[in-house]
Amino acid sequence: MSRIIANPKILGGKPVIRGTRIAVTLILDLMGSGMTPREIVSEYPHLSESDVLAAAHYAATVLDTERITFLKAS
């Protein structure tokens with residue numbers, strides 16, 4: 001069972017940690033600001049470190065399948 005779900009009835013369909021309204025993007029923002037998984041869990045005790053790592057893995061998987069189109073400068 002995936003820890004990440006996307007349901008149009010929860011946060012407008014944004015990917016969240018299953019059983020919460022905590023968006024993957026929030027976790028990534030916290031990690032980007034320098035917080036460790038342990039610190040995130042300390043702030044959000046209903047999460048586990050596995051949830052935090054699942055969010056990072058989910059984001060990596062999405063980016064790995066994403067194609068970026070670069071526009072030529074005029």
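All of the numbers you see were taken from the coordinates with simple rules; none came from a lab. The structure displayed is predicted, hence computed values, not measured ones. Neighbour counts are summed over all protein chains in view; Cβ atoms, including those assigned to glycine, are modelled from backbone coordinates with ideal geometry.
In the stretch 23-50, which residues are in contact (Cβ under 8 Å) with a residue 24 or more places away in the chain and either at positive phi or in contact with a helix residue (DSSP H, G or I) (Cβ under 8 Å, 6 or more places away or on another chain) (or both)? Listed by number, the residues that qualify are Val24, Ile27, Leu28, Met31, Leu47.
Just name the residue that is nearest to Ala54 (Cα to Cα) out of those in the stretch 17-42 that are of a type in the set (Val, Ile, Thr) and not in a helix (DSSP H, G or I). The extreme case among them is Ile17. Are any of the residues in the stretch 54-71 in a helix (DSSP H, G or I), more than 21 Å from Asn7 (Cα to Cα) and in contact with a Pro (Cβ under 8 Å, 6 or more places away or on another chain)? Checked the stretch 54-71: no residue is in a helix (DSSP H, G or I), more than 21 Å from Asn7 (Cα to Cα) and in contact with a Pro (Cβ under 8 Å, 6 or more places away or on another chain).
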